[in-house]
Amino acid sequence: MIDNFDKYRNFIWYNGEFVDPRDAKLSVMSHTLHYGSGFFEGIRAYTTNDNQIVIFRLKEHVKRLIDSAKVYYVDVPYTQEEIEQAIIDVVKINEFKSCYIRPLVFLSEGFRTISITDDIKVNLMVSAWEVPLSDNEITLSVSSYRRMMSSQTPMQAKAIGNYMNSLLIRREAIQKGDDDGIALDMDGYVSELSTANIFLVKDNQVITPDLSSSILNGLTRLTVITLLKDLGYEVIERKIARDELYYADEIFVTGTASEVKICNTVDNIKVGSGNYNVSKLIKKEVKLVVSGQKEQYMDWLTYVK
Ligand code: PMP
């Protein structure tokens, strides 16, 4: 066993109740277990500079969870407000100062075939644990695995099944000695990493794959786009050719778990001159926002009281 339940502290929220994580049971005959039919989020809570606990972009994460289920004709049996409250309560009851929060919608007993019929139970679980942040730079390589097209599977849904592809991307990269892989889309354009979005900086312009490049529309991605535009940078969402990776001045990746990480090599080719000024600036800016030091973006923070 590589894990124990202590990291989830005393309670997880399971279908409206707080339960000891050891007691949260699931039937082996659950639809999600057989077919990968579930949806989830990854959200962070932070301690601000003045010692308050805040959850970053809570509303948007919960909206994305509900929307992910909606594409698959699954109604989450809780309202946006109820889910937000469950998430706040999990942080509060477990007395986390900062943590990674994992709401998960999954389908359990009652299934006969792959069809998601009305009598299948839709469950919601919210757990949280600490995931420390590190400031290390990363190395990437282009993956031999492609991201799927939205005509094959909805890529803007944060659906469990999509992560079978992600784990192959990550595994292959780690075997090569890199931190993660850059997946191309089915047309060969740059898409995203196993669990993060990618940005390139070239001649002071910031470029990131557009929504038709088989990406998850990351909340950190959207945050970074807003912050950079407000700082006066031109941010362009478009198709990115593979070889643009090798000519970029800077590359950084974004995601809830990793925040902003600077990439210094792609396929063993050094990225730019090593100055990485835009990446460092945006990394710092995100830190200021999540620690409540930017008046302008306080709307993105939900206080845990
Ligand atoms: N792409 C994928 C495939 C992901 O799993 C994630 C992590 N949720 C991201 C991008 C980044 O999204 P966010 O910034 O919302 O965490």
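The values are calculated or read from the model by the stated rules, or taken from the named source; none is laboratory data. All values reported here derive from a predicted model rather than from experimental measurement. In this analysis, Cβ positions are derived from the backbone assuming ideal geometry, glycine residues included, and neighbour counts consider all displayed protein chains. Each accessible area value is taken on the protein alone, full model and side chains, heavy atoms only, with ligands, DNA and RNA left out. Shrake-Rupley method; radii C 1.70, N 1.55, O 1.52, S 1.80 Å.
What to note about this one:
- Failed item, numbered, when VAL131 is tested on (1) of a type in the set (Val, Ile, Thr); (2) within 18 Å of the chain's Cα centre (by Cα); (3) open to solvent by less than 30 Å² (accessible area, probe 1.4 Å): (3)
- Sole exception among (1) more than 16 Å from LYS287 (Cβ to Cβ); (2) surrounded by fewer than 21 Cβ atoms within 10 Å (Cβ to Cβ) for ASP230, by number: (1)
- Residue check for THR153: assigned to a loop (DSSP other than H, G, I, E, B), without any contact (Cβ under 8 Å) to a residue 40 or more places away in the chain and out of contact with any Cys (no Cβ under 6 Å at 6 or more places or on another chain): yes
- Set side by side, the residues ASP185, ASP180 differ, and just one is among the charged types (D, E, K, R), within 12 Å of the ligand (Cβ to nearest atom) and open to solvent by less than 40 Å² (accessible area, probe 1.4 Å), which is ASP180.
- Pairs meeting the criteria (first residue in segment 44-72 and in contact (Cβ under 8 Å) with a residue 24 or more places away in the chain, second residue in a helix (DSSP H, G or I) and more than 14 Å from the ligand (Cβ to nearest atom), beta carbons under 6 Å, at least 6 apart or on different chains) are ALA45/VAL91; LEU58/GLU84; VAL62/GLN80; VAL62/ILE83; VAL62/GLU84.
- The residue that is farthest from the ligand (Cβ to nearest atom), counting only those in segment 207-223 that are over 12 Å from the mean Cα position of the chain (by Cα) and open to solvent by less than 10 Å² (accessible area, probe 1.4 Å), is ILE207.
- Selection of segment 247-292 for residues being under 18 Å from ILE55 (Cα atoms), open to solvent by 10 Å² or more (accessible area, probe 1.4 Å) and either hydroxyl-bearing (Ser, Thr, Tyr) or more than 16 Å from the ligand (Cβ to nearest atom) (or both) yields THR256, SER258, LEU288, SER291, GLY292.
- For the residues SER134, SER143, SER127, the requirement of being among the hydroxyl-bearing types (Ser, Thr, Tyr), closer than 19 Å to TRP13 by Cα and touching a strand residue (DSSP E or B) at 6+ places or on another chain (Cβ under 9 Å) singles out SER127.
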